[in-house]
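Here's the structure, in C-alpha cells; my notes come after.
Just so it is clear, none of the values below were taken in a lab; they were calculated from the coordinates. In this text the structure is predicted, and so the values were computed from the model without any measurement. Heads up, the Cβs are rebuilt from the backbone with ideal geometry, glycines too, and the neighbour counts pull from every protein chain shown.
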Amino acid sequence: MTKLDILAFGAHPDDVEIGMGATLAKYAKAGYHVGICDLTKAEYSSNGTVEQRQEEARHAGEIVGLATRIQLTLPDRGLKHISAEQLAEVVSVIRKYKPSILFTPYQVDRHPDHSACTEIIKEAYFNAGIKRYECADQLEAFRPEELFYYFINGYEHPDFVVDVSDFYDIKIKALQAYESQFLKTSHSIETPLTNGYINVVEARERLFGKEVGVTYAEGFKTTKPIVMTNLLDGKESHL
C-alpha cells in the first residue's frame, strides 16, 4: 500500500479524469503518488456495461499514471442515502492512504450523484480525523491537509487554476479511453457525453488558461482562502 500525495474521489469512473485528469498526470510525472477512488461502478450508465467501464477506468488510470485506483461499491443513483457503514468505508480509504490533499466534485453540477459524492467526502474528510470514530479496519485517525473541488459539468469561476498545458494531451487520451461513454456509435444511446463533450471540456480549460496566460488550465474551488507565501511571485502554485 502506497501513501498518496493526492487522492481524488468521483461518483463514477471518468468523473475525476473529466475534472482534473491533467493535474493528476502533471503530479504523477513529477514523482508524486496520485490516486482515484470511484464510489460507484456506474451501474446505471446509459451506455456501456459495468465490465466495460472497469476496463476503461483501468486503462485511463494507466495513461494518467495513477499509483492506485480504488473501486468502492456504493449504489449508483443512491449516494444520497448511504448507510453509516458505507460512509465508514470511505473514511477507511482516507485513513489507509493518508493523502495530503483530497479532491471531490464541486457541488454545483447538473448530475445529482456528483453533488452527493461531495457531501459524502466532506463528511468522510471530517470523520477521518476524529479519534473515536470507528471504521471497519480500525485505522488510526487521519485528516488530509486540504480539501479542494474540481469541476465536471460546471462553469463556475475557479478560486485557483493549475497550468496543465504540457499534460493536456494525456488528459484527452485518458478521456478517449472511455469509449463507451464518449464515442457515439449506432448502438449507443444519445447522452450529453456523446455530443462533443470532450470538446466542451477542452473549451472550458482553454478559457481558464487564457485568463492566466497559458494554453490550458484546470480550475478548482476552495472553502477557505489560499495562502500565498510570496506575493511577488504571482504564478506560485499553492500545490
Relative contact order of region 1-109, defined on C-alpha pairs under 8 angstrom at six or more residues apart (%): 40 percent
Quick check: from the Cα gyration tensor, does region 21-98 come out rounded (a/c under 1.5), prolate or oblate? oblate
Taking the alpha-carbon centre of each part, the distance from region 6-21 to region 160-234 in Å is 11 Å
For a test of understanding, tell me how many lysine pairs in region 53-187 have Cα atoms under 22 Å apart, given they are 8 or more places apart or on different chains. 8
Candidates I36, I226, I172; GNM for the chain (alpha-carbon contacts under 10 Å) flags as most fluctuating I226
DSSP-loop trypsin sites (Lys or Arg not before Pro) across region 112-206, with at most 10 other Cβ within 10 angstrom: K131, R132
Using Cα pairs closer than 8 Å and at least 6 residues apart in sequence, work out the relative contact order for the chain, in percent. 23 percent
Least to most buried among C37, C117 (fewest other Cβ within 10 Å first): C37, C117
How would you rank S83, S180, going from fewest to most other Cβ atoms within 10 Å of each one's own Cβ? S83, S180
Here, E123 and H187, labelled 7 Å along Cα→Cβ, have an inter-label distance in nm of 3.8 nm
What lysines sit close enough to K210 to cross-link, taking a C-alpha to C-alpha distance under 16 Å and skipping anything fewer than 8 places away on the same chain? K235
Per q in 0.16, 0.17, 0.18 Å⁻¹, report the Debye log10 I(q)/I(0) for region 6-221, using one uniform scatterer on each alpha carbon and no solvent. -1.07, -1.21, -1.35
